[in-house]
Structure formats: C-alpha cells, structure tokens
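Right, one structure below, let's go through it.
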Amino acid sequence: MAALKVAVVGAGVVGLSTALCIAEAFPACSLTVIADRFTPNTTSDVAAGMLIPHTIPGTSLHVQKQWFKETFTYLFAISNSAEASEAGIHLVSGWQVFKSSPTEELPFWSDIVLGFRPMSEAELQKFPQHRCGQAFTTLKCDCPSYLLWLEKRLKAKGVQMYTRKVANLWELHSEYNIVVNCTGIGAHQLVGDQKLFPVRGQVLKVRAPWVKHFVRDGDGLTYIYPGIHNVTLGGTREKESWNLSPDPSTTKAIFDRCCSLEPSLQRAQDIKVKVGLRPSRVCVALHREVLSQGGAKLLVVHNYGHGSGGFSMHRGTAKEAAHLVGECIAALQGSSLRAKF
Ligand code: FAD
C-alpha cells in the first residue's frame, strides 16, 4: 500500500504540535501542514503562553488534568534540556492573588505545577488590595519561538508546509486520505461550527526586564507574565467580539491595572499592543468524522476550540488527535485489505 497522505490544516500551537505527534507516531505517513497563516501571524503568536489552565465547562476535569499534565511534563523536559532557549520554554515563579477567598480551595492543576502553596503574610504585603493568594512555579512559552521550533522539527522529519486558505475540507479529498482540522477560530467558517465563538483578548508586550515574578489577579483579567524577550500585560475577555483592532482606551486601562499590581511597570518601555481571538467552545472539539460525497469518503479528525488554554493543553490534545489519526489509518488499511481479498 502506498504511504497514506495526511494533511493537518492549521499552523498555530495546536496544528503544529498535532502534526509533530502524528509524525512521531506514524513516520511512514506522508504529512503536510496547510495554513493561511504561519508564525508570527497566528492567534498563538499573540498568547502569553503561560501554563495555567482555565476550566472548560463541557470537558471532564479528569480529562483536562490529563491534557495539562502531558503538556507540562513535555515542556518541563524541554526546559531542562539544551533546546530550552531555542524553543523559548522556561520556568517562571509567581503569585495568583485574590480580593476574596476563591470558590475552589485547590485548583485541579495544583499538584502538577511546582511548589503550589498559600502565599505567606510577608508576600501578601506586596498586594494591599488582596486578601489571599497562591504561590507556585509553572512554565511559560515564548510563543513565536516555540512555533518556529515546532516548524523546524517538522521540516527535519520531512513534513511539507504550504500557505493556502482552505474553503472547505472536502476540497482536500482528492489529495489526502486523512485531514486533521486544527483551525482554531477559523473552524467557525470552515466547518460552520456555531458552538465556537471568539473571546477577544487584548494584551501589551512591554520591555521591563527587572520584572521576574508573574502576578495574576484571580479574576483572570489582570496579569503580568514575564518572558524571555518581553513582559505580557493583560488583558481582556470580550465574548463574541471579532474585532482585531487594538482599542487605545483598553490599552490604557490594562496598563493602569497592571501598574496598580506592580508599580515599577510605570517605567516599562517599548509598549506593543496585540489582539487575538480565543477559539472558545463549551468543550474542545476532539473527535473523528467521515465526510462522504457520491460514494467517495474523507476521514477527518477535529482538534480545535481550546479557548484560553491552547498552550496549557496543546500536547495532551495533540497526542489524543494523533491517536484518532491512528484509528483512521487502521480503518483505511482494513478496508484496503478487504478490497484485495
Ligand atoms: P491559531 O493559533 O489561531 O491557529 C489556527 C491556524 O489555522 C492558523 O494557522 C490559521 O491560519 C489556520 N486556519 C484557520 N482557518 C483556516 C483555513 N480556512 N484555511 C487554512 N488555514 C486556516 N493560552 C494559554 O494556554 N496560555 C496563555 O497564557 C494564553 N494567553 C492568551 C492571551 C491572549 C490575548 C489570547 C488571545 C489567547 C491566549 N491563550 C492562552 C489562548 C491560546 O492563544 C489559544 O488557545 C491557542 O493559540 C489556539 O491555538 P490554535 O492553534 O487552535 O489556533
């Protein structure tokens, strides 16, 4: 049987990591990544890239925890290797602070991040408007570096990359045996998923190299995430807004909120404003589908809708999507054997 041809549509963190898991698990397949945007022009490039999960209401906590654990373990190993600087992965310690006690005493991910503990009174003195908090160490991705690193690994495995907008998945059926849909918010149009909606996020990337600890307000709206090249200041969560233009009054509001948490940011320089649309859904779309037209079939695996947690969960969902691709391969090989006999 000739090598099966697999196309991954999407070159954000989900598409590239899914392609890498497929290339690792099924090296005999001919693999192609197709996307209308590559780094530095994807939503994934805008993200802060912190590994702090957000709870997804429609996916069981057990599954979310597994996805986060696999992602954390994978990136922790990279952070502990010579690849760390090129991949843009590093450990970062800091605080999540609350004005009133959080509803859940321990978040589901508290035993996966490192050294999770309540903040001490001395630490809380830094945040006079907050009553309590949690201290922990997690991982952060410099998103464009990580996407470039993933692309480099894929190219080294012989994976082809093409810039192309796909109008519908069926247009790929004559060229590919299996198509993996990792189009993020693009799936709203591509597969008409009405359950998928944007949550607009505006962030500032600033130069403030003296800021080394992250600070996240427990409401999830205000955060300061130091990275390799800049510090990400956030943010906004605007449900159903498709507007990709930065709003100057929001920029000022974000800056003021962050300065009230970390006054030294008043001296931050080189402020750049970025906007991205989180591909949000009640649960991640991670399943198989068979498309058919006039007796012809195309096997599809969907992996999109990671909302606010694409970086926090990407390796876990990529492994699961690769497993589904494995089921498609087995089905195709089974049907070609049946056709022979
Ligand atoms: P994208 O990065 O949007 O990639 C989609 C890909 O599909 C692109 O290559 C696009 O060109 C391609 N595509 C779409 N439609 C088509 C089509 N029709 N034809 C061809 N190609 C197509 N997550 C975290 O875990 N931690 C964070 O700290 C964090 N911070 C964030 C801050 C902000 C401001 C925002 C906006 C998001 C943040 N996120 C964070 C969420 C994270 O960015 C997303 O969950 C993640 O980027 C989704 O990745 P993706 O690969 O699914 O989508």
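The values are calculated or read from the model by the stated rules, or taken from the named source; none is laboratory data. Keep in mind it's a predicted model, so treat the numbers as computed, not measured. Note: ideal-geometry Cβ built from the backbone for every residue, glycine included; neighbour counts use all protein chains shown.
Kindly check whether there is at least one residue in segment 7-14 that is assigned to a helix (DSSP H, G or I) and closer than 16 Å to G310 by Cα. Among the residues of segment 7-14, at least one is assigned to a helix (DSSP H, G or I) and closer than 16 Å to G310 by Cα, which makes the answer yes. The criterion of being in contact (Cβ under 8 Å) with a residue 12 or more places away in the chain and in a loop (DSSP other than H, G, I, E, B) holds for V211. Against the test of being over 18 Å from the mean Cα position of the chain (by Cα) and part of a helix (DSSP H, G or I), the options E175, E123, E151 yield a single qualifying residue, E123.
Restricting segment 198-215 to residues that are under 26 Å from E123 (Cα atoms) and in contact with a Phe, Trp or Tyr (Cβ under 8 Å, 6 or more places away or on another chain) leaves a set whose member that is farthest from the ligand (Cβ to nearest atom) is H213. Restricting the first member to segment 1-27 and to residues that are among the acidic types (D, E), and the second to residues that are more than 9 Å from the ligand (Cβ to nearest atom), the beta-carbon pairs closer than 9 Å and six or more apart or on different chains are E24/K157; E24/A322.
Mind checking which residues of segment 250-296 are in contact (Cβ under 8 Å) with a residue 40 or more places away in the chain, away from the ligand (no atom under 15 Å from the Cβ) and among the basic types (K, R)? Scanning segment 250-296 gives R267, R288.
Checked against (1) surrounded by 21 or more Cβ atoms within 10 Å (Cβ to Cβ); (2) under 22 Å from the mean Cα position of the chain (by Cα); (3) more than 28 Å from R288 (Cβ to Cβ); (4) in contact (Cβ under 8 Å) with a residue 60 or more places away in the chain, L233 meets all criteria but (4).
Residues of segment 127-136 include at least one that is within 16 Å of the ligand (Cβ to nearest atom), in contact (Cβ under 8 Å) with a residue 40 or more places away in the chain and either assigned to a helix (DSSP H, G or I) or not basic (K, R) (or both).
Could you please let me know if G276 is closer than 30 Å to T251 by Cα and within 11 Å of the chain's Cα centre (by Cα)? No; evaluated as a whole, the condition is false for this residue.
Scoring L106 on the criteria (1) among the aliphatic types (A, V, I, L, M); (2) at pLDDT below 95; (3) within 14 Å of the ligand (Cβ to nearest atom) leaves a single failure, condition (3).
Starting from residues that are modelled with pLDDT of 95 or more and polar (S, T, N, Q), keep the ones in segment 121-138 and report whichever is nearest to E262 (Cα to Cα). Ranking the qualifying residues of segment 121-138, first place goes to Q125. Restricting segment 186-197 to residues that are more than 6 Å from the ligand (Cβ to nearest atom) and either crowded, with 22+ Cβ neighbours inside 10 Å or at pLDDT below 95 (or both) leaves a set whose member that is nearest to I22 (Cα to Cα) is A187. Of all residues in segment 38-62, those that are hydroxyl-bearing (S, T, Y) and more than 7 Å from the ligand (Cβ to nearest atom) total 4. Residues of segment 153-174 that are away from the ligand (no atom under 14 Å from the Cβ), loosely packed, with under 13 Cβ neighbours inside 10 Å and closer than 14 Å to L291 by Cβ: S174 alone.
Within segment 235-274, the residues that satisfy the criterion of being under 16 Å from F127 (Cα atoms) and of a type in the set (S, T, N, Q) are S260, S264.
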